[in-house]
Each structure stands twice: as C-alpha cells, then as structure tokens.
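Where a number appears in this text, it was derived from the coordinates with a stated rule and is not lab data. Only a predicted model underlies this, so the values are computations on that prediction, with no experimental measurement involved. Quick reminder, even Gly has a Cβ in these numbers, built from the backbone with ideal geometry, and neighbours come from all protein chains shown.
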Amino acid sequence: MSAILQVTELRKSYAGVHALDGVSFAVEAGSVTGLIGPNGSGKSTAIDCISGFQKRDSGEVVLAGNDITGLPAHQIARAGLMRTFQTVRIYERLSLRDNLAIAAQQFDPATWIDEFLRTRRYRQAVDKAEVRARELVELIGLKRYWEIETGILSYGQKKLVALAAALMPHPKIVVLDEPVAGVNPTRIREIEVALAALNRAGETFLIVEHNVEFITNLCHRVIVLDQGKKLAEGTAAEIHTDPRVLEAYLGMTPEMAEAEMRGAA
Ligand SMILES: Nc1ncnc2c1ncn2[C@@H]1O[C@H](COP(=O)(O)OP(=O)(O)O)[C@@H](O)[C@H]1O
Ligand SMILES: [Mg+2]
C-alpha cells in the first residue's frame, strides 16, 4: 500500500451547490486510476481542486507524503502533480522535439545565465531532457514525427504530445481530463495503447473519462462519483456489476449492462 495521492474529505460548493460533498480516495503509485460519474457529479471540480486550479472549501490533498492542499497550481505542478486539459495546449508550429524541449525547461534548474554561458549544468539539463523526450516519444508511438511540426498531427496525436509534455519533468502523477473526448473512435485505441505503455514504464495516472470501455481496458481501480459523493470504488469488473453504479451512472439494469458488454467484446 503506497498511495502517491491521498485525497481526504474534499468539499466544494458553488453558491449552494455541493459540487463535492466530502470525497476521499487514494491513487496507488504505478497505477492507472479512473474517476467516472454522470455529468455534474463533481469530476472536474475534484481534479481542479486537487491540481490547484480551483479553491476547495475544506479537505486535504497529500502528494507523496507532502501536504499540497491549497497550494497554487504551479507549486503543485512543481511538487509532482501535472495535468492535461480537455482542450489541447501544444505549440503547433514547432516540432515534437521542440515542444518537449520547451516542456523540460519549465522546471529546469538551469537559469538563463547558465544558458547564455552554456555552462555544464545547462548542457547536462539539455542532454537529460533529450533522453527523456526520446523515451516518451517512443512509448507514445510518435517517433516518426520527432522533427515534424505538431500542427499536422491528428487531434488524438496532439493529445499524446500534450501528455508527453506533461511527463517531461518526471511528475509523480499525471491527471488527465477526458483524454479521449472528441477523439476519432479509430484513434482512441492509440491513446489507450500509449497510456498502457507509459504505465508499464512506471508512470502513474488519474483519468477522468466518460468512455467506459476505455476506462475498463486501462484502469486498475475505478472511483465512481455521483452528486458530489463517492458512490463506489473497485476494479473495473466490480464497478460494472455494482447495481448502484449501473443505475446512477449508466442508467441501466445489470441485464442491460451485461448485454452491452457482450456487444462491446
Ligand atoms: N463554476 C461553477 N459555478 C457554479 N456551479 C458549478 C461550477 N462548476 C461546476 N458547478 C456545478 O457543480 C457540480 C459539479 O460539476 P462538475 O465538477 O463540472 O461535474 P462533472 O465534471 O462531473 O460533470 C454541477 O452541479 C455543476 O453544475
Ligand atoms: Mg467535467
């Protein structure tokens, strides 16, 4: 049991709406954990509060033993929790290589003085970043686009570039907000394969996603939110057969869900 992220009794209201009503969960180091739930159940609020993009009312967030509750987003990122966004944020005019080089410099200890003087520290930082970037690009299956402008890539591939950029500073965990929303169904599998490969290489992910098949294929553990509360938690198989989850999230009876899963298989 080694939780890299521990969220305890997180609460957040907007003008009387309890978006989060005391949510607790943990993410194990090296795992892929899914956060699912119907629209309005509090998923976005949860990851916004965890990553410092939203102020929580109460509750605690601990990352690798360090209390990061209430820190500003850039300090949380520096502490090792990175996130990707639903809208892709990459430099489309720059190559994949340059996108990742820029991502590396974000938290780089080398200063502009180091860069100007081309100090040993600067060269070492650049060399290390290049090794990391090449590893990541291999793992996400985009090696052939190394020197290519990222603007020509498909939407799904751009999402992978944003993910690789988030991974450049060796975060302890990456939180992904709907990684396959808006991605062409034929490309969803590419993202799934990339995330699985990155996870095998040791990366830890917390994924908010609507696509149940995607979550089922990828996640070791799934947390289900409903109306700002944790409704259930377990393996994907456990979640799939939990009548409360089926009703709240899928709006299905167990029989309907089973038929659906047979259809998907
Ligand atoms: N900025 C906001 N102002 C007011 N209400 C909000 C705001 N953001 C979210 N909510 C409300 O909080 C609840 C949870 O929303 P959200 O976290 O976006 O859920 P999800 O991401 O699961 O769809 C919903 O009832 C939503 O209407
Ligand atoms: Mg949302």
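Ranked highest first by the average count of other Cβ atoms within 10 Å around their residues, in what order do 121-129, 136-144 fall?
Result, highest mean Cβ count within 10 Å first: 136-144, 121-129.
Taking the 0 to 90 degree range and rounding to the nearest ten, how far is the long axis of helix 254-264 tilted relative to the main principal axis of the chain, both from C-alpha atoms?
40
What's the angle, to the nearest 10 degrees (0 to 90), between helix 96-105's Cα axis and the longest principal axis of the chain?
Tilt of helix 96-105: around 90 degrees.
Report the label-to-label distance for THR87 and TYR155 in nanometres (one decimal), using points 7 Å from each Cα along the Cα→Cβ vector.
So the label points at THR87 and TYR155 sit 1.4 nm apart.
What's the center-to-center distance, using Cα atoms, between the range 131-157 and the range 170-197 in Å?
If you average the Cα positions of each part, the centres end up 14 Å apart.
Quick one: grab the alpha carbon gyration tensor of the range 92-159, order the square roots of its eigenvalues as a ≥ b ≥ c, and give me rounded if a/c is under 1.5, else prolate or oblate depending on whether a/b is larger than b/c.
Judged from the Cα gyration tensor, the range 92-159 comes out prolate (a/c at least 1.5, a/b above b/c).
At a Förster distance of 51 Å, what's the computed FRET efficiency of ALA197 paired with LEU117, Cβ-Cβ distance as r, to 0.05?
With R0 = 51 Å, the Cβ-Cβ based efficiency is 0.85.
Given the chain, what percent of its DSSP beta bridges are antiparallel, to the nearest 5?
Beta bridges within the chain, antiparallel portion: roughly 60 percent.
Rounded if a/c is under 1.5, else prolate if a/b is larger than b/c, else oblate: which is the chain, with a ≥ b ≥ c the root eigenvalues of its Cα gyration tensor?
Since a/c reaches 1.5 but b/c is at least a/b, the shape of the chain is classed as oblate.
I need the calculated FRET efficiency for the pair SER2 and LYS128, taking r as the beta carbon distance and R₀ as 30 Å, to the nearest 0.05.
Values: r = 26 Å, r/R0 = 0.87.
Once rounded, the FRET efficiency stands at 0.70.
What angle do you read, to the nearest 10 degrees and between 0 and 90, between the alpha-carbon axis of helix 120-139 and the longest principal axis of the chain?
40
Within the chain, how many Lys pairs sit with Cα atoms under 17 Å apart, leaving out pairs fewer than 8 places apart on the same chain?
Value for the chain: 9.
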